[in-house]
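*Asks:* Have a look at the structure that comes next, please.
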Amino acid sequence: MFPALLKTSFWDIHIPLSKEVKYSIVGVSILLFLVAFCFLIWQIHQYCTQMPASKHTVAGNGSLLDSQSEKNENLQSNSKTLDFKLEPRQDESVRLSRGLSRSPELASSTDSLGETAEERVQGCLRFTLLYDHVRSRLLITVLEAQELGAREFSRGADPFVRVRLLWASEEDEEQSLASVLHEWQTRLVKDSCDPVFGDQFSCALAEEDVPRVTVRFEVRDFNKYSRHGILGEVRVPLNSVNISHPLEMLEELQQTKKDIVGEVLLSLKYMPTSQRLELGLLRVRVLFPPSKTQRALYARVGVLCNQCKIRHQRTSEKRHCDVTVFNEVLIFVLPDTQIRECTIKVSVYELRPGKKSCKRLIGRASVGKEKTTEDEHWKLMMQSLRQPIAKWHLLYL
């Protein structure tokens, strides 16, 4: 009884719509049906057109194989020319594989290339020199620098020039020891590869000392967060030029070289049980021009591991002599992991007793073991443990 009642009730439902609305609904439904039917016919047509194309490609494989065989015959006929073209590719692949394996020959070649790249210095420096015989003064004017090399991640540089007067004694010409008479620094020019300085410096210099003096211009790049970069240097021995009249020179920058300014006698002893390194700073030999001013020397010793300073100590002040005697022992406690790869830097400073704030670096010496090099003194210390080994080392500036 329930389905019969539902059926009668369903047919008795009347929608309150006009005939126009009903006919429009029927028309829209018929239109949608036609669109769906046309889309179905288009899909069938696409499927039917793709089937013959695939059959054509399968049937055409024979012709493709024939053309490929013809190409192979042509390649065999031109084998000489192909060998000539393929050999460089093979050599290049061998070269790349060797480069990945890092053979000793290629390592030496790359190292030599790196050295030549480091030796390339850009730019030149313009300056003037004049010696006034009446007042016995040397006048140095730094005019400008041209075409300096820029930093890697910047288009320019922040250059300045450090000027040093190096004095050499006639008695020490064979050992080529030098001493810094005076040192100046020009103003800083920011963000320029062609800076103009115009700074002038002067100092009293005896006429008999002029041939012994060498003027060293060192162009540096200012760095706020680390050491200043060195762009190059120019050296002018005054015995090779006539500076009785103003002499203007334009010289190209050269690779910087360190000067030997003295010697230091060091004693090393390592105690493996207590992991203690005893460094004895015995004597220091530094060349100074004769003068009435009294000089005092002291040394600062630092231990570096992986370019990081981990320990440092300072000696007491000693009055300068021809050979200044310290005879002080500095003790550093270093674990076995640090003693394997560490470097000892000895820096000798000049300090005038009347002016405690006036100190000047004379030179540095280094001894120790790094990843690539090992000092001979360090080897002797490690071979003869618990015994002091003394040796002279040069001071460089």
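The values are calculated or read from the model by the stated rules, or taken from the named source; none is laboratory data. This one's a predicted model, so the numbers in the text were calculated from it and none came from an experiment. Note: ideal-geometry Cβ built from the backbone for every residue, glycine included; neighbour counts use all protein chains shown.
*Asks:* Restricting to the stretch 190-249, name every residue that is farther than 13 Å from ALA145 by Cα, of a type in the set (Phe, Trp, Tyr) and either surrounded by 14 or more Cβ atoms within 10 Å (Cβ to Cβ) or modelled with pLDDT of 90 or more (or both).
*Replies:* PHE201
*Asks:* Considering the stretch 212-268 alone, what residues qualify as being within 27 Å of the chain's Cα centre (by Cα) and acidic (Asp, Glu)?
*Replies:* GLU218, ASP221, GLU233, GLU251, GLU252, ASP259
*Asks:* Something else now. Restrict the check to the stretch 258-271 and report whether at least one residue is closer than 12 Å to VAL161 by Cβ, crowded, with 20+ Cβ neighbours inside 10 Å and out of contact with any helix residue (DSSP H, G or I) (no Cβ under 8 Å at 6 or more places or on another chain).
*Replies:* No, the conditions are met nowhere in the stretch 258-271.
*Asks:* Moving on. Hey, among the residues in the stretch 133-189 that are within 22 Å of ASN242 (Cβ to Cβ), among the aliphatic types (A, V, I, L, M) and assigned to a loop (DSSP other than H, G, I, E, B), which one's modelled with the highest pLDDT?
*Replies:* VAL134
*Asks:* Could I ask something else about it? Return the residues of the stretch 277-304 that are in a loop (DSSP other than H, G, I, E, B) and of a type outside the set (Ser, Thr, Tyr); say none if nothing qualifies.
*Replies:* Those that are in a loop (DSSP other than H, G, I, E, B) and of a type outside the set (Ser, Thr, Tyr): LEU287, PHE288, PRO289, PRO290, LYS292, GLN294, ARG295.
*Asks:* Out of the residues in the stretch 279-292 meeting the condition of being in contact with a Gly (Cβ under 9 Å, 6 or more places away or on another chain) and over 29 Å from VAL333 (Cα atoms), tell me which one is surrounded by the fewest Cβ atoms within 10 Å (Cβ to Cβ).
*Replies:* LEU287
*Asks:* I'd like the full set of residues that are more than 17 Å from SER274 (Cα to Cα) and either without any contact (Cβ under 8 Å) to a residue 24 or more places away in the chain or in a loop (DSSP other than H, G, I, E, B) (or both), limited to the stretch 319-343.
*Replies:* HIS320, CYS321, ASP322, VAL323, GLU341, CYS342, listed by residue number.
*Asks:* Could you list all residues from the stretch 259-292 that are over 27 Å from SER384 (Cα atoms) and of a type in the set (Gly, Ala, Ser)?
*Replies:* GLY262, SER291
*Asks:* Within the set of pairs 6+ apart or on separate chains, which have a first residue in the stretch 256-278 that is closer than 24 Å to LEU177 by Cβ, a second that is among the acidic types (Asp, Glu), and C-beta atoms under 7 Å apart?
*Replies:* Between residues of the stretch 256-278 that are closer than 24 Å to LEU177 by Cβ and residues that are among the acidic types (Asp, Glu), the close pairs are THR256/GLU218; THR256/GLU233.
*Asks:* Within the stretch 316-331, how many residues turn out to be of a type outside the set (Phe, Trp, Tyr) and under 21 Å from PHE288 (Cα atoms)?
*Replies:* Looking only at that region, the number is 10.
*Asks:* Filter the stretch 305-318 down to the residues that are at pLDDT below 90 and part of a strand (DSSP E or B), then identify the one that is surrounded by the fewest Cβ atoms within 10 Å (Cβ to Cβ).
*Replies:* Among residues in the stretch 305-318 that are at pLDDT below 90 and part of a strand (DSSP E or B), the one surrounded by the fewest Cβ atoms within 10 Å (Cβ to Cβ) is CYS308.
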